[in-house]
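Undergrad: Dropping the structure in here first, questions after.
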Amino acid sequence: MGSILSGAEAASLVRALPGVDAVGLEARAAGLATRSVKADAKAKAIDLAISMIDLTTLEGADTPGKVRSLAAKALRPDGDAPATAAVCVYPSMVAVAAEAVQGSTVKVASVATGFPAGQVPLDVRLADTEAAVRAGADEIDMVISRGAYLSGDLERVFHEIRAVKAASGEARLKVILETGELVTYDDVRRASWLAMYAGADFIKTSTGKVGVNATLPVTLLMMQAVRDYRAATGVQVGVKPAGGIRNTKDAIKYLVCVNEVLGDDWLSNEWFRFGASSLLNDLLMQRQKLKTGHYSGPDYVTVD
Amino acid sequence: MFEYAPAPESVRPPIREHYGLFIDGQFRDAADGAVFKSVNPSTEEALFTVAEAGEADVAAAVAAARRAQETVWGPMSGTERGKYLFRIARLLQERAREFAVAESMDNGKPIKETRDFDVPTAAQHFFYHAGWADKLAYAGLGSDPKPLGVIGQVIPWNFPLLMLAWKIAPALACGNTVVLKPAETTPLTALMFAELCQEADLPPGVVNILPGAGATGAALVDSAVDKVAFTGSTAVGRAIAKSIAGTKKRLTLELGGKAANIVFDDAPIDQAVEGIVNGIFFNQGHVCCAGSRLLVQESVAAEVLERLKARVETLRVGDPLDKNTDIGAINSAEQLGRIRDLTETGTGEGAEVWQPACDLPERGFWFRPTVFTGVQQSMRIAKEEIFGPVLSVLTFRTPDEAIAKANNTPYGLSAGVWTEKGSKILWAAERLRAGVVWANTFNQFDAASPFGGLKESGYGREGGRQGLEAYLDV
Amino acid sequence: MSKKATAGRLRVKKTYKLYVGGKFPRSESGRSYPVSSPDGTELANAALASRKDGRDAVAAARKAQRPWAGQTAYLRGQILYRAAEMLEGRAGQFAEELADATGAEAGAALGTVEAAIDRLVHYAGWTDKYTSVLGGANPVAGPYFNHTTPEPLGVIAVIAPQDDPFLGLIEAVAPAIATGNTVVVLASESKPLPALSFGEVLATSDLPGGVVNVLSGRAAEVAPHLAAHADVNGIDLSGVADAALASDLEAAAAETLKVVRRPGRSGSSLDLLRQWTEYKTVWHPAGMAATAGGGY
């Protein structure tokens, strides 16, 4: 779906967005984080969280073997646990991943556009994207040019997202805002809307490669943005917090936010994802604990 | 939505079957043997019985307090007094969960609030005022401020332990002794506090707790105390002010309110919605400073209301001891009746009522969060304190009109302002006739921050350096 | 008496009127009462204020209050200082009026007037300081900026001391207006003339009309209406000698929860400034960066 706005119009609209009160936002997130999810609700939340994971490996040391191992875990995490939503890899690993998950529900997501800094020429970023799609990526996780954003060139950010969207073809586009580099909540909200105006299918917090990755207040703010964007345009956009979500307790806090801020329409992996790696094993250990009644340990889940 | 399974709080406080009056360090029954029951408002079941203090008991308690003030507490060094208060603060922290659960059971408020707000803030008040006890000469109230003597204190049922802390901590820090009457529907945490005073080895007579109803309070006001401190309704405050006229007794009053929560068109809307919800639905709206009148600029009224209603739909009403409960039980059948009566006048006078579709438990006293739109200044629901989870929504066109409507009440306790524009906040805060103004937030409280009203919301401050004035002869 | 006039010239006597809303009206009731010195010499007729004069004075005070409180503290200080300057220039006249009213000897009366001038200067210097002395920032346990300032209560009714008709009145009025309140003052019943003349000083001191309103009359007649008036925020009973009347006035004031200063209460000037102010505390969140919070 293409945007009908010009870059200038989009930039002007996002600059006019109402402000965010940081303390109030954080208090709301902290309030939602006090929800106590127990028993059946917890079991359901754990399986839902597993099904929403983009199981990720983004290392210079990634090899076909490592990616196959990850894909196998994504397909069958543990016993009757659901498969994850996707595996998320670098473009060079897309073909391996695609082959490994072929015929399953698990998608292949590829970071692209000169991930994680995005500091390469646009034509290289577009070629990166096209290569990933050609190799079989179902989803593209692009980074925005934070430099352009912070220098005030919102139009350039808008046009680049549109260009990557076009290069992604049928693949769903997740736009990584790298909120830890945008720093302020006002800018997170503006960047969220800019990405959505430009055609993002998902807005994603972070690369996982900077000091501050997903936080609950930032993700809550992005949830409010997709909620408001749908109310304004009728277009639904997904949300993906990534980086730093390592245990079940944290994952459930995010699900509570989805539940209470966005509701049913976003409570599936079609519209909400976790970008994570170690989170999966913690969810599996908690899942085992609910089944067996005793605590599990790291030797009872697989190292992949 | 996925439903959260019940998440009941598992700790149970030791609640006795019967409590006496706490006089001179001991529990004892009333001289006339009077007893009443305290009921759990979420189940309507009796929790315990408690002695009801009469005039003779009041006289005995005041005499004990007088003796303790003159012989022990008054002469004691500030350092030592402070150490007792620090000890009380620590004991409250140690037993925080017991107090939180007990408060929730006796009052009906959600465990989330007693656990995260009432009890920790009560402990903070003791900790804060403990530190003042040996520094009163530096409080800017003269080089040698003296205690007033014996203080009679009457507190309400909405924050039983916290109001006790607001009253007792500064009084004791300043060298006074106290006779405190908790509200008749919520004496439990005050009685547990009496036990805690024993545990802290507080000298007998320094703190005396006299459960009872209005007659007990009146007897305390009329007794040989040097000062009366009251938190409660404006009607009772007025009666107390009249009854002490012509005496030498000092008086501070923290009374009712009908606070305006003003949302300008340039507000941070999502946070404003949270502030509106917190402003009126915190503690079931049983809050004297509740933001019960929402004044929203016409240009954003539709958007704010839509978001507000969506948010209110997510509030969870029910078992106060469930950790996910946002709105608990109304404190008493009597209060529930009052809320019902006033809300009926709202529809009768032409306001439009809205409530979320939430289920209510079968037993107990419950009232759905309620939003009235199309409210006019002249309606009773815009003028009278409802003291329940009922919001009246009014609109305004210009900043001047917002201030004029906000101030158009005999009350003057609190107000809220929401705008991203700093200069507008300072402009509004200066003009609002209220003792506390929350800008881009609401219902924040702190031991270091003075709280109290103007006009018919009373006089005197609680908390902060300024709160000490109420308990010192300067 | 002490007024010297050229022999054979008929002296022009002053008509003592009320001072309300910056004007000098007679009582709306048309009544007056004779005022004498302690030795029985008739001095003048003073207007005998009615409850309606009290009502008009409260209305004038209310109208003036918001603008007066909204002036800068510096300007309020300059105006009080201007009143002291005006009084200094007319010290002799006031000393005579005071001597006539109280029977004090001339030197003592002048000393009292000079003390009154010095009190005005003292409070002129307080206007831009008491806020910092009484208020301040509070270190709350959360991400909020929180500060407290003393604010004027609004309209204050003052029943001025009966036997200290000038200095006592200025001691009561000056701290109230220094903090941005406006006042309706009922002058000493038997010795109202210096207070009424003081209205003339205020009228020429750039003090906006209505900030101080001076009535002369009977406390027992007018004070109950001021005590009960819903648009009065505080009442100073320090000049009520009759304990029963004071008790009744306090009870009447309780109806609308006015702040009451009881008879016989003394205090430092800071205590008096505090008497007619109440603290307002303003909270505001302090926070901006997304990376500072969170931690989830």
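Quick note: the coordinates plus some simple rules give every number you see, no bench work behind them. Because the structure is predicted, anything quoted here is derived from the model rather than measured. Glycine also receives a Cβ, built like all others from the backbone with ideal geometry; neighbour counts cover every protein chain displayed.
Undergrad: Using square roots of five times the C-alpha gyration tensor eigenvalues, list the equivalent-ellipsoid semi-axes of the stretch C:1-121 in whole Å, biggest first.
TA: Details: eigenvalues 167, 104, 32 Å².
Sorted largest first and rounded, they come to 29, 23, 13 Å.
Undergrad: Computed over the Cα atoms of the stretch C:41-99, what is the convex hull's projected area averaged over all directions, in nm²?
TA: Details: hull surface 23.9 nm².
Result: a mean projected hull area of 6.0 nm².
Undergrad: If you find the alpha carbon centre of the stretch B:37-108 and of the stretch C:103-172, how far apart are they in angstrom?
TA: About 40 Å separates the Cα centre of the stretch B:37-108 from the one of the stretch C:103-172.
Undergrad: A further question follows. Specify the inter-centroid distance of the stretch B:143-177 and the stretch B:333-363, based on alpha-carbon positions, in whole Å.
TA: 36 Å
Undergrad: Something else now. What Rg and what Dmax come out for the protein assembly as shown when only alpha-carbon atoms are used, in angstroms?
TA: 34.6, 128
Undergrad: Another question about this same structure. Please state the charge dipole magnitude for the protein assembly as shown, taken about the Cα centre, from unit charges on C-beta atoms (+1 on K and R, -1 on D and E), reported in debye and rounded to the nearest 20.
TA: On the way: 109 positive and 123 negative charges, 277 e Å.
Dipole magnitude for the protein assembly as shown comes out near 1320 debye.
Undergrad: Now for a different question. Could you state, as a whole-number percent, how many of the C-alpha pairs of the stretch B:338-421 are farther apart than 20 Å?
TA: Numbers: 1435 of 3486 pairs.
Beyond 20 Å sits 41 percent of the P(r) for the stretch B:338-421.
Undergrad: Just from the alpha-carbon atoms, what are the Rg and Dmax of the stretch B:122-247 in angstroms?
TA: In order Rg, Dmax, the Cα atoms of the stretch B:122-247 give 14.5, 42 Å.
Undergrad: Let me ask another. P(r) tail for the stretch A:235-304, what percent of Cα pairs lie past 15 Å?
TA: 58 percent
Undergrad: If you build the convex hull over the alpha carbons only and average its shadow over all orientations, what do you get for the stretch C:42-285? Give it in nm² to one decimal. Please list the in-between numbers first.
TA: Values: hull surface 53.6 nm².
Taking the Cα atoms of the stretch C:42-285, their convex hull projects to 13.4 nm² on average.
Undergrad: Something else: What number do you get for the stretch B:275-363 when its Cα radius of gyration is normalised by 2.2 N^0.38 Å, N = residues? Don't skip to the end; give the middle numbers.
TA: Values: Rg = 14.1 Å, N = 89, 2.2 N^0.38 = 12.1 Å.
With N residues counted in the stretch B:275-363, Rg over 2.2 N^0.38 Å equals 1.16.
Undergrad: If you don't mind, another one. Just want the answer: with Cβ charges of +1 for Lys and Arg and -1 for Asp and Glu, which residue in A:Tyr254, B:Ala65, A:Ile46 is farthest toward the dipole's positive end in the protein assembly as shown?
TA: B:Ala65
Undergrad: Please give me, ordered by residue number, the chymotrypsin sites (Phe, Trp or Tyr not before Pro) of the stretch B:200-285 that lie in loop per DSSP and have at most 15 other Cβ atoms within 10 Å.
TA: none
Undergrad: Shifting gears a bit: Could you list log10 I(q)/I(0) for the stretch A:14-171 at q = 0.09, 0.11, 0.21 Å⁻¹, which the Debye formula gives when each Cα is one point scatterer?
TA: Scattering profile of the stretch A:14-171, log10 relative to I(0): -0.41, -0.60, -1.15.
Undergrad: Something else about it: Other chains' Cβ within 10 Å of B:243-250 residues: what's the mean? Write down the numbers at each step before the final one.
TA: On the way: counts 2, 4, 11, 10, 3, 2, 0, 1.
For this peptide, the per-residue mean of nearby foreign Cβ atoms is 4.
Undergrad: Let me ask another. Identify, among B:Ala224, B:Gly458, A:Leu284, the residue whose Cα sits farthest towards the positive end of the charge dipole of the protein assembly as shown, taking +1 on the Cβ of Lys and Arg and -1 on the Cβ of Asp and Glu, with the dipole about the Cα centre.
TA: B:Gly458
Undergrad: Using a Gaussian network for chain C with springs between C-alpha atoms less than 10 Å apart, which of these wobbles most: C:Val173, C:Val133, C:Val12?
TA: Of C:Val173, C:Val133, C:Val12, the Gaussian network model singles out C:Val12 as fluctuating most.
Undergrad: Within straight cross-link reach of A:Lys204, meaning Cα distance under 29 Å, which lysines are found once same-chain residues fewer than 8 apart are removed?
TA: A:Lys38, A:Lys42, A:Lys44, A:Lys66, A:Lys73, A:Lys107, A:Lys165, A:Lys174, A:Lys240, A:Lys249, A:Lys253, B:Lys309
Undergrad: Over the alpha-carbon set of the stretch B:60-146, divide Rg by the Kirkwood Rh and report the Rg/Rh ratio to two decimals.
TA: Reported Rg/Rh (Cα atoms, Kirkwood Rh): 1.10.
Undergrad: Moving on to the next point. With bins 20 Å wide starting at 0, give me the P(r) of chain B over every alpha carbon pair, in whole percents.
TA: The distribution over chain B is 25, 56, 18, 0, given as percents.
Undergrad: Taking chain C as a Gaussian network, Cα atoms linked when under 10 Å apart, which of C:Ala61, C:Ala115, C:Ala95 shows the biggest mean-square fluctuation?
TA: Looking only at C:Ala61, C:Ala115, C:Ala95, the largest GNM fluctuation is found for C:Ala115.
Undergrad: Who wins for biggest fluctuation among C:Ala108, C:Ala228, C:Ala286 in a Gaussian network model of chain C, springs between alpha carbons below 10 Å?
TA: Judging by the Gaussian network model, the answer is C:Ala286.
Undergrad: Write down the Kirkwood hydrodynamic radius of the stretch C:117-170, to one decimal in angstroms, obtained as one divided by the mean of 1/r over all alpha carbon pairs.
TA: Working: mean 1/r = 0.0696 Å⁻¹.
Radius from the Kirkwood sum: 14.4 Å.
Undergrad: Return the calculated 222 nm mean residue ellipticity for chain A, to the nearest 500 deg cm²/dmol, obtained by summing -39500 (n - 2.57) across DSSP H runs with n ≥ 4 and dividing by the residue count. Can you show the working numbers first?
TA: Numbers: 13 runs with 145 residues, N = 304.
Value at 222 nm, helices only: -14500 deg cm²/dmol.
Undergrad: Rank by packing, highest mean first: peptides C:77-90, C:32-45, with packing defined as the count of other Cβ atoms within 10 Å averaged across residues. Before the final figure, lay out the partial values.
TA: Details: C:77-90: 19.4, C:32-45: 13.6.
Going by the mean number of other Cβ atoms within 10 Å, highest first, we get C:77-90, C:32-45.
Undergrad: Considering only C-alpha atoms, what is the centroid distance from the stretch A:234-304 to the stretch B:387-416, in Å?
TA: Cα centroid of the stretch A:234-304 versus Cα centroid of the stretch B:387-416: 44 Å apart.
Undergrad: Over the stretch B:260-439, with a single point scatterer placed on each C-alpha, what log10 of the ratio I(q)/I(0) does the Debye formula yield at q = 0.19 1/Å?
TA: So the normalised log intensities are -1.29.
Undergrad: A further question follows. Using a 10 Å cut-off around each Cβ, can you sort B:Val417, A:Val235 from fewest to most neighbouring Cβ atoms?
TA: Details: B:Val417 32, A:Val235 15.
Ordered from fewest to most neighbouring Cβ atoms within 10 Å, B:Val417, A:Val235 come out as A:Val235, B:Val417.
Undergrad: Mean residue ellipticity at 222 nm from the helices of chain B, using -39,500 (n - 2.57) per DSSP H segment of n ≥ 4 over the full residue count, to the nearest 500 deg cm²/dmol? Display every interim value, and only then the final one.
TA: Working: 15 runs with 174 residues, N = 474.
Calculated mean residue ellipticity at 222 nm is -11500 deg cm²/dmol.
Undergrad: Let me ask you something else. Along each of its three principal axes, how wide is the spread of alpha-carbon positions in the stretch A:7-292, in whole angstrom units, largest first?
TA: 57, 43, 34
Undergrad: Moving to a separate point now. Neighbour counts of other C-beta atoms within 10 Å: give me A:Glu181, B:Glu17 arranged from fewest to most. It would help to have the intermediate numbers written out before the result.
TA: Details: A:Glu181 20, B:Glu17 8.
Ranked by crowding around the Cβ, least crowded first: B:Glu17, A:Glu181.
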